[in-house]
Amino acid sequence: FYFFVLIVKPPPLAQLPAFVQISAANLRPDYPSAKIPADNMVSDLLNPPMFVVVPIFTLNTFSQSSTTPCDCATITVSLRFNVRLNRACFPRISISGIVLTDSSDDSGLILNSPVPPMLSASGQWRQTPGTYAIDLTNNLEANTVLNFSFTVKNLAVSQSSLVSVQVSGIYIPPVSLILNNGANASYRVDNAQLVNYTINQLSPWPCDDNIITVSLTTNLGLLRSCSPTITVRGLLGFNNMTNFSNLLTVTGSTLNGDSVLTPFNLGVGDLVLNLFNFTDDVSPRQNFMFNFTLTNPPTARSALSLSITGSIVSVRTRSVINALTPTSPWPAVASTGFVDAAFPPTRWVNGSNLDLAPPRSAGDVQVGFVRAINLSVALRQDLPISPAGVSWAYNNVTDPCSPLVLTVQISSSVPLLAAGRCCPSKITVTGLLGSSTNWSSWSSVGSLALYQAFSVAGGNSTNSSNVSAAVAVDPGTRIINGTLVLSLAADVLAGQDHFIYLN
């Protein structure tokens with residue numbers, strides 16, 4: 001009975017069992033030709049000689065922590081094999097299909113902690129093919145779950161590509177990585193878009209400082225690292241930008257001062273907002289608002305045709321840009337939520353002359369709309385009660401040479417703003433002809449003041465500023481053309497009645 005052992009190294013590739021034969025020769029020195037012919041050996045069916053099992057994955061799952069543009073995505077892979085991966089075969093695990101990332105080539109891309117003890121601490125990353133390869137440094141026993149993860153940077157643009165895994169050294173052909181639900185896994189970046197946009201104005205009044213509010217909602221949120229830019233186009237015909245207000249709601253973020261804006265060009269009418277200067281990222285599906293102030297023009301006009309565009313830029317590959325809006329700019333939409341029952345009491349008087357100055361309507365909140373200036377003027381003459389002219393009787397005076405009080409009542413459809421605004425601050429009443437004497441004094445109720453007396457013979461009045469109520473109007477000079485000029489001592493509110501009394 002003979003027993004001997006042969007130690008061999010199986011190849012890295014799978015193979016079928018060998019058909020082993022045995023023969024013997026030179027059995028007796030005196031009979032050199034004596035031998036035993038070759039014959040098949042009986043093999044152990046459970047452990048046939050030279051059989052190498054086909055290595056396969058028994059677990060090959062994939063997960064991605066974030067699909068948000070410009071975010072860092074942690075790629076986690078879980079693997080298990082039916083055979084032991086021997087370090088002697090120099091096995092290398094390769095993940096493929098993670099294409100179109102913003103992560104540059106790196107021959108030492110570090111694994112995230114904790115690093116499995118049988119893996120190298122870092123692997124080789126190649127951006128263009130989207131592959132990550134890592135070597136085994138120790139044997140991995142069969143049916144042992146191997147978990148590892150690494151991080152890549154997402155681009156600003158959307159994309160989706162199937163991912164796979166393979167092993168070299170001990171050859172295991174590529175197979176698709178799968179999700180926990182069994183579906184084929186993909187490396188994905190979602191498409192960031194604006195899903196809602198409104199823009200409203202606070203004031204339709206001529207020459208007023210008009211607060212314009214923009215409200216935006218995105219499907220994915222906006223990361224500051226993506227350098228989001230929002231451009232509002234068509235803000236034409238305003239007098240000047242007077243203020244930028246740092247207002248950002250819901251997310252609790254703030255803006256980093258005026259640096260968020262490019263210089264505003266009145267001739268171009270484009271307002272560019274750089275969201276990189278937000279102190280926080282914008283959350284998905286959350287409204288955020290910002291406002292700024294423009295000065296309305298002095299004349300009436302219809303609402304402007306506004307639009308909005310937006311974009312985000314990849315962190316490292318700056319040439320890769322994603323539009324947040326469709327190819328054609330979005331038209332502006334005014335929100336009905338901005339239609340209030342009344343205007344602010346600093347601009348409009350509720351309940352007085354509503355036909356002349358009606359309450360706010362949906363058209364008033366559309367950016368660029370400016371109401372027309374219409375004046376309601378009424379005059380009457382009455383008999384004074386006291387010589388000072390501070391009281392009077394409401395009875396019409398038509399007798400020749402009778403003293404009288406001339407009452408001028410003026411109301412405006414819009415606020416008339418006092419000095420320092422772009423609108424004229426003078427009201428001229430003409431046609432007051434026929435008085436035989438000059439006015440001796442005047443008084444007022446409201447915001448009007450006498451700026452200039454009636455013109456006199458030979459030229460204009462000598463008064464060039466507001467006339468004191470105690471001073472006679474054009475003393476000693478006969479009135480010939482009946483022109484009255486009134487100034488604004490304070491703002492005249494829309495729908496408010498103002499009176500001047502001339503004695």
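The values are calculated or read from the model by the stated rules, or taken from the named source; none is laboratory data. The structure presented is a predicted model; accordingly, all values stated were derived computationally and were not measured. Positions of Cβ are generated from backbone atoms using ideal geometry, with glycine treated the same way; all protein chains shown enter the neighbour counts. We work out accessible area using only protein heavy atoms, side chains counted, and drop any ligands, DNA or RNA first. Shrake-Rupley method; radii C 1.70, N 1.55, O 1.52, S 1.80 Å.
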**Q.** Selection status of V313, farther than 30 Å from P415 by Cβ, at pLDDT below 70 and crowded, with 18+ Cβ neighbours inside 10 Å
**A.** no
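Each row is one residue, and each column tells you yes or no for (1) open to solvent by 30 Å² or more (accessible area, probe 1.4 Å); (2) touching a Ser or Thr at 6+ places or on another chain (Cβ under 8 Å); (3) under 30 Å from W442 (Cα atoms).
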site	(1), (2), (3)
G351	yes, no, yes
L354	yes, no, yes
A357	no, yes, yes
S361	yes, no, no
G368	no, yes, no
I373	yes, yes, yes
S376	yes, yes, yes
L379	yes, yes, yes
Q) Which one is surrounded by the fewest Cβ atoms within 10 Å (Cβ to Cβ), of the residues in the range 184-194 that are in a strand (DSSP E or B) and in contact (Cβ under 8 Å) with a residue 40 or more places away in the chain? A) R188
(Q) Condition first: touching a helix residue (DSSP H, G or I) at 6+ places or on another chain (Cβ under 7 Å) and surrounded by fewer than 21 Cβ atoms within 10 Å (Cβ to Cβ). Now tell me which residues in the range 138-177 satisfy that. (A) N138, N139, G169
Q) Since T74 meets every condition but one in (1) at pLDDT 95 or above; (2) open to solvent by less than 30 Å² (accessible area, probe 1.4 Å); (3) within 37 Å of the chain's Cα centre (by Cα), which condition does it not meet? A) (2)
Q: Examine the range 287-306 for a residue that is in contact with a Cys (Cβ under 8 Å, 6 or more places away or on another chain), assigned to a loop (DSSP other than H, G, I, E, B) and under 18 Å from A192 (Cβ atoms), and state whether such a residue exists.
A: no
(Q) Given the criterion part of a loop (DSSP other than H, G, I, E, B), at pLDDT 70 or above and open to solvent by 30 Å² or more (accessible area, probe 1.4 Å), identify the matching residue among P424, P400. (A) P400
Q: May I ask you to list the residues in the range 11-36 that are part of a loop (DSSP other than H, G, I, E, B) and over 30 Å from F90 (Cα atoms)?
A: N26, L27, P29, D30, P32, S33, A34
Q) Does A323 fit the bill of being at pLDDT 75 or above, among the aliphatic types (A, V, I, L, M) and either over 19 Å from D190 (Cα atoms) or buried (at least 21 other Cβ atoms within 10 Å of the Cβ) (or both)? A) no
Q | Candidates V485, V456, V473, V408 - the one that is buried (at least 17 other Cβ atoms within 10 Å of the Cβ) and modelled with pLDDT of 80 or more | A | V408
Q. If a residue has to be farther than 22 Å from R347 by Cβ, at pLDDT 85 or above and open to solvent by 10 Å² or more (accessible area, probe 1.4 Å) to count, how many in the range 224-246 make the cut?
A. 7
Q | Those residues of the range 179-203 which are over 22 Å from C70 (Cβ atoms) and touching a Ser or Thr at 6+ places or on another chain (Cβ under 9 Å), in sequence order | A | L179, N180, N184, T198, I199, N200, Q201, L202
